[in-house]
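> Take this structure, written in structure tokens, and hold onto it; I'll ask about it next.
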Amino acid sequence: MTGELETKRAARNMGTPPKTATKAGEMKVFGRAGSTVGSDIRDYLSRTVVAFDWVDLVDADQCRDMLGLGGFETLDFPIVEFPDGERVFAPKPQDIAARLGWVTAPRHEEYDLSIYGGGPAGLSAAVYAASEGLRTILIERFAVGGQAGTTSAIENYMGFPEGISGADLAERARQQAVKFGAELVMMEEGVKARFENDRIHVDLANGSQLVAKSNICATGVEYRRLGIADEERFLGMGLFYGAGVAEAPYCKNEDVFVVGGGNSAGQAVMHLADHADKVTMLVRGSSLAETLSEYLITRIEARPNVEVIYNVEVAALDGDKILRRMTLKDLKTEKTRDLDASRLFVCIGGVPNTEWAKDTLIKRDRAGYLITGQDLLDKGRAPDCWTLDRQPYYLETSVPGSFAVGDVRHDSIKRVASAVGEGAMAVSFVHRYLAESH
Ligand SMILES: Cc1cc2nc3c(=O)[nH]c(=O)nc-3n(C[C@H](O)[C@H](O)[C@H](O)COP(=O)(O)OP(=O)(O)OC[C@H]3O[C@@H](n4cnc5c(N)ncnc54)[C@H](O)[C@@H]3O)c2cc1C
């Protein structure tokens with residue numbers, strides 16, 4: 001395998017600076033024109049900063065010319081062609097990651113620190129922990145970057161006056177963590193935790209178990225769903241959760257819709273407006289002032305191809321194989337109307353990824369976020385399950401040695417910078433905990 005993809009793979013192993021402006025053309029992905037099948041692959045490749053050419057095949061002749069394949073109507077799209085010429089039909093992101101050699105197993109039987117989640121908080125913890133000599137492993141169930149990896153431009157993160165894409169920022173952090181010796185296990189998930197003998201034992205989704213002296217939970221939040229019928233059916237077939245970074249270039253000549261009134265929705269609108277004919281922002285409230293940063297409101301109002309519709313919600317989705325229409329409900333009048341819609345981006349916040357904690361002594365708030373530090377105390381007293389004489393450290397959960405950082409934490413500031421800061425800070429507490437207990 002040669003070219004940029006090879007460079008990227010080498011970078012993955014050696015920690016060289018990331019390629020942020022990669023040359024397209026090494027990996028090719030062939031899709032059918034007009035179909036949104038394969039959007040999950042576009043999303044994965046974009047988030048992992050792999051250069052690829054997306055080729056829309058319009059008919060059987062073009063398919064034969066470019067791929068030498070007949071049966072255009074019956075082929076399983078998308079077709080991924082790797083730089084060495086191997087073709088895979090309708091793969092999942094997991095298959096591509098495995099083919100690129102990015103799916104590995106933990107190398108050690110026990111670690112000083114295991115980190116769950118490869119968003120900004122987890123990556124930051126991995127960089128600091130590994131650089132400070134802790135035997136560190138990070139488990140990420142999909143792609144590094146988490147929510148930040150889905151945004152085209154983070155403009156308020158210190159040190160990047162022109163902004164930086166979330167995927168690039170994450171890729172840099174990943175390389176930095178690897179350079180310092182952290183192990184990163186991708187496409188793997190922690191599903192169940194047990195605390196025993198001053199160790200955390202975590203069942204991974206593949207059936208194996210990971211043991212560590214301490215752990216940091218940085219599992220962030222998952223996009224909130226609309227909660228209406230047919231969402232699963234149209235997922236990736238016109239309905240997308242998040243900012244649509246990978247989809248935006250394929251929205252040319254289209255009218256697209258964004259649901260949500262917060263900053264992530266605002267960023268999505270601005271990014272999509274660079275590509276689509278028109279972007280309509282669907283907002284439940286009657287103004288953006290309370291939910292959106294001033295700078296984004298100014299930009300949205302100045303864009304001629306953006307319309308904001310207030311006091312509405314999406315009530316129904318309709319289509320055949322792909323999304324074709326939706327029903328909007330006016331929240332003031334209760335009246336509904338149908339609109340043609342082929343791409344709908346849902347950016348309405350999220351719910352914490354803490355299912356794994358439900359059978360443990362780790363305390364969660366009513367919404368499921370992990371409670372840490374002072375917030376665990378009731379009239380100055382730690383909860384009954386707390387086993388130590390000292391009080392929990394800031395960022396420590398109700399189980400000693402188990403920390404929570406970033407968006408998954410109760411009352412956290414939902415920002416890249418605060419997630420990164422908490423990741424770094426938690427490592428200091430890990431050192432203290434290990435010094436006192438091991
Ligand atoms: C579209 C969008 C735009 C944004 N723009 C900005 C911005 O401009 N500036 C800013 O400051 N903030 C921005 N934010 C917010 C910022 O991205 C988040 O605050 C930040 O990503 C939180 O980081 P985190 O590491 O705590 O969690 P996340 O980013 O949510 O990462 C959590 C990670 O954990 C993984 N995971 C979950 N469960 C498991 C498990 N059981 N095992 C293994 N892995 C697991 C997930 O796959 C994910 O990768 C934006 C958010 C969105 C959605």
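The values are calculated or read from the model by the stated rules, or taken from the named source; none is laboratory data. These figures come from a predicted structure and were not determined experimentally. Neighbour counts are summed over all protein chains in view; Cβ atoms, including those assigned to glycine, are modelled from backbone coordinates with ideal geometry. All accessible areas refer to the heavy atoms of the entire protein, side chains included, with ligands and DNA or RNA removed. Shrake-Rupley method; radii C 1.70, N 1.55, O 1.52, S 1.80 Å.
> TRP54 is checked against (1) open to solvent by less than 50 Å² (accessible area, probe 1.4 Å); (2) over 25 Å from VAL211 (Cβ atoms); (3) under 20 Å from the mean Cα position of the chain (by Cα) and fails just one. What number does that condition carry?
(3)
> Among the numbered criteria (1) outside any loop (DSSP other than H, G, I, E, B); (2) more than 16 Å from SER152 (Cβ to Cβ); (3) open to solvent by 50 Å² or more (accessible area, probe 1.4 Å), which single criterion is violated by PRO249?
Going through the list (1) outside any loop (DSSP other than H, G, I, E, B); (2) more than 16 Å from SER152 (Cβ to Cβ); (3) open to solvent by 50 Å² or more (accessible area, probe 1.4 Å), PRO249 breaks only (2).
> May I ask you to list the residues in the stretch 156-185 that are of a type in the set (Gly, Ala, Ser) and surrounded by 19 or more Cβ atoms within 10 Å (Cβ to Cβ)?
Applying the first criterion (of a type in the set (Gly, Ala, Ser)) to the stretch 156-185 yields 159, 163, 165-167, 170, 173, 177, 181-182.
Once the filter is applied, which keeps residues that are of a type in the set (Gly, Ala, Ser) and surrounded by 19 or more Cβ atoms within 10 Å (Cβ to Cβ), the stretch 156-185 yields SER165, GLY166, ALA167, ALA170, ALA173, ALA177, ALA182.
> Of SER342, SER286, which residue is open to solvent by 30 Å² or more (accessible area, probe 1.4 Å) and either of a type in the set (Phe, Trp, Tyr) or free of Cβ contacts under 8 Å to residues at least 40 places away in the same chain (or both)? Before the answer, list the steps.
Values: SER342 fails: either of a type in the set (Phe, Trp, Tyr) or free of Cβ contacts under 8 Å to residues at least 40 places away in the same chain (or both).
Going through SER342, SER286 in turn, just one is open to solvent by 30 Å² or more (accessible area, probe 1.4 Å) and either of a type in the set (Phe, Trp, Tyr) or free of Cβ contacts under 8 Å to residues at least 40 places away in the same chain (or both): SER286.
> Taking only the stretch 404-418 into account, find how many residues are open to solvent by less than 10 Å² (accessible area, probe 1.4 Å) and either within 7 Å of the ligand (Cβ to nearest atom) or under 16 Å from ALA130 (Cβ atoms) (or both). Working first, answer last.
Restricting attention to the stretch 404-418, the residues satisfying the condition of being open to solvent by less than 10 Å² (accessible area, probe 1.4 Å) are 404-406, 408.
Okay, now just the ones that are also either within 7 Å of the ligand (Cβ to nearest atom) or under 16 Å from ALA130 (Cβ atoms) (or both), so 405-406, 408.
Result for the stretch 404-418: 3.
> Is it the case that the stretch 381-402 has a residue that's under 28 Å from HIS201 (Cβ atoms), surrounded by fewer than 20 Cβ atoms within 10 Å (Cβ to Cβ) and within 15 Å of the ligand (Cβ to nearest atom)?
no
> Do you know which residues across the stretch 191-220 are touching a Lys or Arg at 6+ places or on another chain (Cβ under 8 Å), part of a strand (DSSP E or B) and of a type outside the set (D, E, K, R)?
ILE200, HIS201, VAL202, VAL211, ALA212
> Six or more apart or on different chains, Cβ atoms under 9 Å: show the pairs whose first residue is in the stretch 25-46 and in contact (Cβ under 8 Å) with a residue 60 or more places away in the chain and whose second is surrounded by fewer than 21 Cβ atoms within 10 Å (Cβ to Cβ) and of a type in the set (Asp, Glu).
Close Cβ pairs (under 9 Å, with a partner that is surrounded by fewer than 21 Cβ atoms within 10 Å (Cβ to Cβ) and of a type in the set (Asp, Glu)) amount to SER35/ASP56.
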